[in-house]
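Beneath this line is the structure, given in structure tokens, with notes to follow.
Each reported figure results from applying straightforward, stated rules to the coordinates on display, with no laboratory input. Computed from a predicted model, the values in this text were never measured in an experiment. We place every Cβ from the backbone using ideal geometry, glycine too, and count neighbours over all the protein chains shown.
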Number of protein chains: 2
Amino acid sequence: MAPVKNGRLLFNEVPTGYPEPGKTTVYDETETIDLDNAPLNGGFLVKTLVLSIDPYLRGKMRDASVKSYSPAFEKGQPIENFGVGVVLRSENPKVKAGDHVYGIFPFAQYFIRPSFDGFRVLENKEGLPWSVYVGVAGMPGQTAYSAWKEYAKVQKGDVVFVTAASGPVGSFVVRLAKADGLKVIASAGSDEKCEFVKSLGADVVFNYKTTKTADVLAKEGPINIFWDNVGGESLDAALQYAARGARFLECGMISGYNGQAQPVNNLMMIVAKELQINGFLVFSLLPKYAEEFYREVPARIASGEFKFIEDVKKGLEFAGHAIYEVQAGKNHGKSVIQVAEE
Amino acid sequence: MAPVKNGRLLFNEVPTGYPEPGKTTVYDETETIDLDNAPLNGGFLVKTLVLSIDPYLRGKMRDASVKSYSPAFEKGQPIENFGVGVVLRSENPKVKAGDHVYGIFPFAQYFIRPSFDGFRVLENKEGLPWSVYVGVAGMPGQTAYSAWKEYAKVQKGDVVFVTAASGPVGSFVVRLAKADGLKVIASAGSDEKCEFVKSLGADVVFNYKTTKTADVLAKEGPINIFWDNVGGESLDAALQYAARGARFLECGMISGYNGQAQPVNNLMMIVAKELQINGFLVFSLLPKYAEEFYREVPARIASGEFKFIEDVKKGLEFAGHAIYEVQAGKNHGKSVIQVAEE
């Protein structure tokens, strides 16, 4: 077969505010690949099926000189994130043609990877859509699952507050908290998102754009567990209405990713209320929880216990738009790029 | 014996910025007490020897309608804090005349207390000055000792940053960290204070008023343990130069007690560096550590292992000034009021 086009989404320039499709990232179709003959050199060739668009990607769109927990994207190279693909050819004994694999993918329709390290073959006995494996059955679900187990220290009667509760992390946390029998207060950024969160069983759901977080917590709190995806105003309100000894699970602070977050004035509550605040990255927690996660969670998704909604765009050329939408909170459900059908 | 004057320091009005002697608190000598005949009703009569002036008192100088971890002072009544006194008469079987007692005292030369709850008889086998029992051998020392044991999670090679390091809490933390073999960076608010901190063995000592905290941490960090007494700018710098997995021990944030603290811009580092932040109050931690503290610490002070400096004012009438000085950082060493000699 003749070489085919290999569309890729390249990192082009560091954004100052929101990432802009066509500027921050550009879609490139100049590269071709010979799927039958491209040399593997002991590696394996993957056809990308789905790619995940996650909030944390914004942090990698920075100048490479700025250090952070995750390396900066390299200008002129494809951005990278979790994906699921099918193996077309393999010279690596750990994986064979036809296997479905999960791992950090370049944003490319096809790629050859030398080593299987960090990748996983997905069995998918439950026959879930592959996109689920970058959502509730992937990194976002793992984030919720492992940090909740590690840091929530659930006690009977606890009240939980979850922000960005319609996303794949927040919605998973709502379900975990309800499975533990807790009262859940949850916020999201549109009435439509709130409807979904209500369907998860959250007890109090509000649209933070039309209702002040502090007002809701004053009435429904104090809170014993805070799952923070947002930072800024919601963190400040959570500090104000935290119960003594509350646990704060610091997963992200998206309100500050694309500009200055609202200042947080209640930091002294950390002392006065003896708060336990844990920041975490799923990469660190996952090794401890990965096997039980894959053993348990896909089946619980298949059974309907863990619901999810997806915001799917078809075609890698739309990934730049999806990245913007996730930063601006304009997606509804887990943002996924369907790069190809099988 | 005829009744004697019983000088008291009364809470008079809520300050807006720094507490002002004669306004926030007033010294009052209108009350008298008959030391021989005042009825005890099953309680005991104490002659106050020393009273402690601590940063946290500012938080109690608020309107009683504002809830916090510690009740507000009552207007027109003596303010209260830790003190040491000698028992003159007792009808309580737990304590007898001549005993030295430690507990929360009203700011009064004499007082009758109905119950011994929360009090402690000090043995003082080491013959330390009584003032030490409100400093390194009292609440401040207990704060340092118990929180360090509970939350520092010391690992070999850790770098520690301590703010307000010349105070009774900070200086104790410096010694604990050096006893654990760690590198200690410490800040204080005057060159004189810095000299004392150097004498404790801290490796890097700087005056935060003349040297930027961020510049020092950029050079001497990253830090693995942060002992925060100050909040604001120093907390922001600590977030910026924290190592992955650093522990933040949040003891106080005095930079915000008398006005708005400097905004903290690096909160996202909590997530990115997987920080473990614990706020604490000594009242909660002490039950777990009190007996070992009193068994160990007075002897280690007597041996010279735990050094201390005191800023002693003689006479309860100067307590209002001392309260201001502690808030403004103008004291040098643990602020103590010597109310009476024995």
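Key figures for this structure:
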{"read-out": "FRET efficiency, 1/(1 + (r/R0)^6) with R0 60 Å, evaluated for residue A:198 and residue B:47 via beta carbons", "value": "0.40"}
{"read-out": "Cleavage-rule hits (GluC sites (Glu not before Pro)) in region A:83-150: DSSP loop, at most 16 neighbouring Cβ within 10 angstrom", "value": "A:91, A:123, A:126"}
{"read-out": "Spin-label pair residue A:328/residue B:330, simplified geometry with 7 Å Cα→Cβ offset, distance in nm", "value": "5.5"}
{"read-out": "Label 7 Å beyond Cα on the Cβ vector: residue A:5 copy-to-copy distances, nm", "value": "9.6"}
{"read-out": "Kyte-Doolittle mean at least -1.0, axial Cα span of 24 Å or more - DSSP H helices of chain B", "value": "B:282-302"}
{"read-out": "Chain A: mean projected area of Cα convex hull, nm²", "value": "17.1"}
{"read-out": "Rounded if a/c under 1.5, otherwise prolate or oblate - region A:153-292, Cα gyration tensor axes", "value": "rounded"}
{"read-out": "10 Å Cβ neighbours from other chains, averaged over peptide B:245-253", "value": "3"}
{"read-out": "7 Å along Cα→Cβ, label-point gaps from residue B:117 to other copies, nm, shortest first", "value": "6.2"}
{"read-out": "Considering only the protein assembly as shown, percent of DSSP beta bridges that pair antiparallel, nearest 5", "value": "55"}
{"read-out": "Label-point gap, in nm, between residue B:26 and residue A:5 - each point 7 angstrom along Cα→Cβ", "value": "8.6"}
{"read-out": "Charge-dipole axis of the protein assembly as shown as Lys and Arg at +1 and Asp and Glu at -1 on Cβ define it, positive-most pick from B:35, B:92, B:132", "value": "B:92"}
{"read-out": "Chain A: most fluctuating residue of A:295, A:113, A:89 per GNM, C-alpha cutoff 10 Å", "value": "A:295"}
{"read-out": "Region A:120-226, relative contact order [Cα under 8 Å, separation at least 6], %", "value": "24"}
{"read-out": "Residues B:52, A:284, A:65, B:303 arranged by fewest to most Cβ contacts within 10 Å", "value": "A:65, B:303, A:284, B:52"}
{"read-out": "Contact order relative to length of chain A, as percent, for alpha carbon pairs under 8 angstrom and 6 or more apart", "value": "19"}
{"read-out": "Separation of the residue A:211 and residue B:120 label points, Cα + 7 Å toward Cβ, nm", "value": "4.8"}
{"read-out": "Exam field: residue B:199 pseudo-label spacings to other copies (7 Å along Cα-Cβ), nanometres", "value": "7.1"}
{"read-out": "Calculated [θ] (222 nm, deg cm²/dmol) that DSSP helices of n ≥ 4 give over chain A, each run adding -39,500 (n - 2.57)", "value": "-7500 deg cm²/dmol"}
{"read-out": "Potential extension, residue A:97-residue A:180 segment - 0.36 nm per residue separation minus Cα distance", "value": "25.7 nm"}
{"read-out": "Ranked packing of B:138-148, B:257-267, most packed first, by mean Cβ within 10 Å", "value": "B:138-148, B:257-267"}
{"read-out": "Computed lengthening from residue B:190 to residue B:258, 0.36 nm per intervening residue step minus Cα-Cα distance", "value": "22.5 nm"}
{"read-out": "Peptide A:278-291, shielding by other chains (average Cβ, 10 Å cutoff)", "value": "3"}
{"read-out": "Dimensions in Å of the protein assembly as shown - Rg and Dmax from alpha carbons", "value": "30.1, 114"}
{"read-out": "Reachable lysines, given that their alpha-carbon falls under 18 Å from the alpha-carbon of residue B:330 and they are not under 8 places away in the same chain", "value": "B:193, B:209, B:313, B:314"}
{"read-out": "Rotationally averaged projected area of region B:58-164 (alpha carbon convex hull; nm²)", "value": "10.1"}
{"read-out": "Förster radius 22 Å - calculated FRET efficiency between residue A:37 and residue A:70, Cβ distance, rounded to 0.05", "value": "0.05"}
{"read-out": "Region A:254-301: GluC sites (Glu not before Pro) in DSSP loop, at most 11 other beta carbons within 10 Å", "value": "none"}
